[in-house]
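This report concerns only the one structure given below.
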Amino acid sequence: MALAGLDGCRGRPLQRPQGWCVKACQAARRLPTVPGEGTVAGVSDAAPRPEPPTLPKLIQGALKLRLAGGAALVLVAGILLAPPQARKNPLPQEKAAPILQAEVQRREPARVFRGVQETGRKALRYTVAFHGRAQEPRVTVFSDFAPPLGQPEAPHGFGVLASGEGDVLTHVSAMGGLPLGEAELSDGTRVRAQVIAHEPETGLVLVRLEGVPAGTGAPLARSEPDSGELVVAAGRSHGRDMVAPVFVASSDGDRYTISAASGVVVPGTPLFNLEGEALAVTSGAPSFSDAYPIGLSLLRLRERIAQGRAFPSSIGIVLQPHAGPLASKLGAVGALVCDVRGGGPAARAGIRPGDLIVGVGELETSGAEEAAQAITSLGAGEPARLRLRRAGAERELEVTPEGTLSAAPLPVADAPPAGAPRARDVFEAAALAAAGVPAEARVLSVEGTPLRGLPLPRALLRKGPPWLVWLHWEARRFFAVVGAPAAP
Amino acid sequence: MNEILSVGLILLAALLAGHAAQLLRIPEVTGYLVVGVAIGPSALDLISHQNLQTLGFLSEVALGLILFSIGSIFEASRFLHLGRGVARITLWEAGSAFGLSLVALLALGEPFWVALLLAVIAMETAPATTLMVLHEYDAEGPMTERLMAMVALNNMLVLLVFGAVTAALNLGGGSDESLLLLLYRAGYGLVWSTLGSLALGVLLGLVVDAWAARARESGEAMILAMGVVLVAVGASRTLGLSPLFATLALGATVANTSRHGGALLGALGRADPPLYAAFFVLAGAELQVTQLGELGLAGAVYVVARAVGKVGGARLGMRGQDLPETVRSNLGLCLISSSSLAVGLTIQIRGSFPQYAPEITGVVLAAVLIFEVVGPLLTRRALLQAGEARTTPEPLKEMSEGAPLA
């Protein structure tokens with residue numbers, strides 16, 4: 001009698017003290033193919049149990065076909081009736097597996113990169129799933145104005161949705177100094193966007209998006225990263241996903257120093273820890289190795305907004321630190337204005353290059369940095385009084401600062417006027433070298449007298465060196481003290 | 001280290017571990033797990049995380065085979081005889097583990113959904129570990145019979161309850177989809193993962209039956225059996241079904257419809273040892289010893305509540321059944337092991353509900369480490385006390401057709 005399953009065994013002598021009848025075949029794995037000869041194991045004391053009817057004999061032939069058909073029908077129906085994919089887009093099982101390993105892969109740098117990449121993507125998806133939305137917490141920040149010719153290419157970079165109100169934290173370098181009208185979320189949705197705060201010390205910018213549902217955003221990390229901790233820089237640049245492992249070299253509360261294991265991260269790149277929580281955003285030029293904690297940065301920026309200092313003030317001047325020959329030449333303590341942006345508040349107030357700013361409001365300013373800090377701290381739109389010295393005389397002007405987005409300290413200067421001679425044509429090479437002036441720089445004025453060509457005016461020649469020269473070089477304007485003139 | 005070398009090392013290490021375990025009179029499973037921890041990333045790091053990832057398929061293959069053989073327990077004649085009693089004990093032990101864990105974690109102040117998900121995972125009993133210990137000690141008897149059926153029923157129950165809980169979570173989560181669609185999706189997921197998996201297992205089992213008659217030699221039978229198990233696991237993953245249900249159903253179908261089921265199972269039995277050894281060594285390598293440090297109070301409470309629930313619940317479930325006292329007092333101890341399904345559910349939680357994942361992962365991984373080491377030891381002890389185990393494992397015998405057995 002052929003039996004399927006576990007009962008087809010030959011018995012063997014009693015061996016157990018409890019009286020169980022021991023079968024030859026073992027539990028579930030090793031089965032002889034010899035049909036059993038009727039011995040069975042007892043399930044209670046030693047009485048042999050009658051052999052049960054063999055069900056397999058009943059499931060045969062037509063019934064098997066029907067069973068197979070029914071099973072196939074269930075499978076087909078299940079596939080056809082499958083509901084549309086849920087928006088949460090969970091990862092399939094095999095993709096989830098690396099996460100458990102990636103977290104403890106810190107000892108294997110070579111492996112960490114791949115694990116972290118997957119973790120990085122997963123981290124972003126975690127934040128999506130956490131808030132139940134398909135949008136990932138990244139924003140491609142761009143402007144709806146075409147950049148002027150000659151300007152750097154359109155800004156590229158992104159920020160991280162870091163709060164439930166739809167605020168994006170990013171770096172000003174990501175916007176190239178251009179105004180912002182729209183932002184593009186990573187699913188392609190465009191929303192109106194407005195810069196609501198700018199912190200000049202760090203270059204961080206807060207952008208408010210309109211129409212982003214409450215609760216969208218990345219969960220913020222609950223603790224600081226440790227020095228040497230691996231985090232993930234994740235986002236998108238130029239339409240391509242970018243995920244890179246980054247090490248936190250040091251962290252001192254309000255700034256992290258990072259070192260990218262591969263490539264340079266673009267400004268405003270969000271950093272995530274391996275739990276998928278948003279840690280910081282990276283800065284832009286000049287230092288790509290700084291990152292600012294999101295939580296603290298949000299607090300500071302909101303404080304600025306509350307105090308009415310959402311934007312640093314600017315009056316449209318460039319200040320030049322001066323020492324040595326310049327200080328001796330000027331003979332006065334103050335902040336030297338080396339450029340005035342046309343049409344700006346300073347230009348409208350009558351401030352000129354060469355003026356020495358000696359006071360901002362009630363504050364006495366003795367140097368360029370002090371004056372710059374004082375000016376940026378003025379309230380935008382509130383008139384302020386500036387005291388300056390020009391041609392030996394002191395005067396006071398009223399100027400109304402305006403809020404500015406740009407953190408770049410040097411605005412692009414206008415092109416030099418036609419006819420402005422080269423420095424090497426005006427002064428001796430040795431004198432230029434001694435003054436640190438490039439020979440190809442354009443001379444705009446000497447001792448306050450605009451220069452439209454050669455030679456130097458007789459009055460200037462009679463005055464004699466050294467001369468206070470205003471120069472234009474590589475989109476910047478600055479003053480220098482130059483000695484002997486070039487031989488005619 | 002390349003993967004081939006890793007596999008060789010795993011097998012040799014398993015061999016050493018098996019011998020050491022016999023000397024120390026502990027289950028081989030424990031030896032495999034311990035040696036896995038030793039050569040894995042937690043200690044000597046001879047098997048790296050990369051290796052574990054690449055060799056993950058070996059674990060899946062072995063698990064599929066284990067579940068297939070567990071499914072063969074559901075031969076109708078045997079099951080009709082045992083069924084009601086076993087189902088009752090399973091409901092009691094799983095329910096008690098669930099209830100005690102839930103109450104204890106809620107009392108500790110854990111969030112509701114975290115406590116609920118952990119309580120569901122607490123219901124699970126490891127099929128592979130339990131079966132391996134039974135197999136090693138050639139266990140036979142009423143406790144063994146019930147244990148194997150209970151392990152299968154337990155895992156099915158856990159998947160059903162987990163499916164229901166996650167469906168409820170999905171419904172409760174914030175979404176802008178219509179309620180009807182959400183309900184449909186939740187219901188579909190639950191029904192598809194059970195009914196669909198059963199249908200797949202039944203269909204493949206019948207295909208095997210049709211083909212098995214042509215498999216004349218044991219080698220062909222082995223290829224057929226292994227191939228169909230792998231197809232079941234792979235197809236389940238592709239279709240979003242449950243590999244556990246599908247392979248259980250496959251085993252049950254083969255046991256109940258095929259005259260050649262015995263031959264297939266016997267053929268598979270020859271291929272099992274290296275796969276099982278590799279499975280448990282890999283399982284040990286994946287255990288993160290450092291997780292123990294993150295067990296915390298919640299984890300400790302979870303471990304204790306689960307153990308008490310399992311043992312006490314089994315005892316309560318056996319009331320009114322005609323069973324000897326040795327079975328009553330020892331059956332619960334065999335239910336302590338917890339491993340692959342618990343880890344698998346945790347991975348699913350990480351994917352679907354990451355907001356609960358960190359805490360759940362920390363507790364489960366640490367608890368699994370404890371249960372995987374302690375569980376086999378308790379199972380062995382229970383088998384010995386119930387008199388259903390040999391004290392030394394029986395050496396492998398050649399099983400050939402018609403050969404008398406000593």
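Check A:Gly453, A:Gly448, A:Gly464 and return the single one that is out of contact with any helix residue (DSSP H, G or I) (no Cβ under 9 Å at 6 or more places or on another chain) and closer than 21 Å to A:Asp355 by Cα. So the residue among A:Gly453, A:Gly448, A:Gly464 that is out of contact with any helix residue (DSSP H, G or I) (no Cβ under 9 Å at 6 or more places or on another chain) and closer than 21 Å to A:Asp355 by Cα is A:Gly448.
I'd like to check which strands (runs of 3 or more DSSP E) are fully inside region A:164-213 and have at least 1 residues that are at pLDDT 75 or above and among the small types (Gly, Ala, Ser). In region A:164-213, the matching strands (runs of 3 or more DSSP E) lie at A:190-199. Taking region A:219-231 as the range and being under 18 Å from A:Gly295 (Cβ atoms), modelled with pLDDT of 75 or more and buried (at least 18 other Cβ atoms within 10 Å of the Cβ) as the test, the residues that pass are A:Ala221, A:Glu224, A:Pro225, A:Val231.
Residues that are at pLDDT below 80 and among the charged types (D, E, K, R) were ranked within region A:272-328; the one that is farthest from B:Ile360 (Cα to Cα) is A:Arg309. Of all the residues in region B:131-161, those that are open to solvent by less than 10 Å² (accessible area, probe 1.4 Å) and under 27 Å from B:Leu190 (Cα atoms) number 8. For region A:275-362, the strands (runs of 3 or more DSSP E) that sit wholly inside it and include 2 or more residues that are of a type in the set (Gly, Ala, Ser) and within 30 Å of A:Tyr256 (Cβ to Cβ) are A:278-282.
Cβ-Cβ distances below 7 Å connect the following pairs, each with a first residue in region B:96-118 that is open to solvent by less than 70 Å² (accessible area, probe 1.4 Å), a second residue that is not in a helix (DSSP H, G or I), and a separation of six or more residues or different chains: B:Ala97/B:Met123; B:Phe98/B:Met123; B:Val114/B:Tyr356; B:Leu117/B:Tyr356. With respect to the conditions (1) crowded, with 19+ Cβ neighbours inside 10 Å; (2) within 21 Å of the chain's Cα centre (by Cα); (3) at pLDDT below 85, B:Trp92 lacks only one, and its number is (3). Cβ separations smaller than 6 Å between residues 6+ apart or across chains give the following pairs from region A:333-349 residues that are touching a residue at least 12 places away in the same chain (Cβ under 8 Å) to residues that are among the polar types (S, T, N, Q): A:Val333/A:Ser366; A:Ala335/A:Thr365; A:Leu336/A:Gln320; A:Cys338/A:Gln320; A:Pro345/A:Thr400.
Within region B:183-204, the set of residues being facing chain A (nearest Cβ under 9 Å) and under 17 Å from B:Val165 (Cα atoms) comprises B:Tyr184, B:Arg185, B:Tyr188, B:Gly189, B:Val191, B:Trp192. Against the conditions (1) in a loop (DSSP other than H, G, I, E, B); (2) more than 14 Å from chain A (Cβ to nearest Cβ); (3) over 19 Å from the mean Cα position of the chain (by Cα), B:Ser337 satisfies every one except (3).
The values are calculated or read from the model by the stated rules, or taken from the named source; none is laboratory data. All values reported here derive from a predicted model rather than from experimental measurement. When we count neighbours, we look across all protein chains shown, and the Cβ atoms used for this are built from the backbone with ideal geometry, even at glycine. Surface accessibility is based on the protein's heavy atoms, side chains included, excluding ligands, DNA and RNA. Shrake-Rupley method; radii C 1.70, N 1.55, O 1.52, S 1.80 Å.
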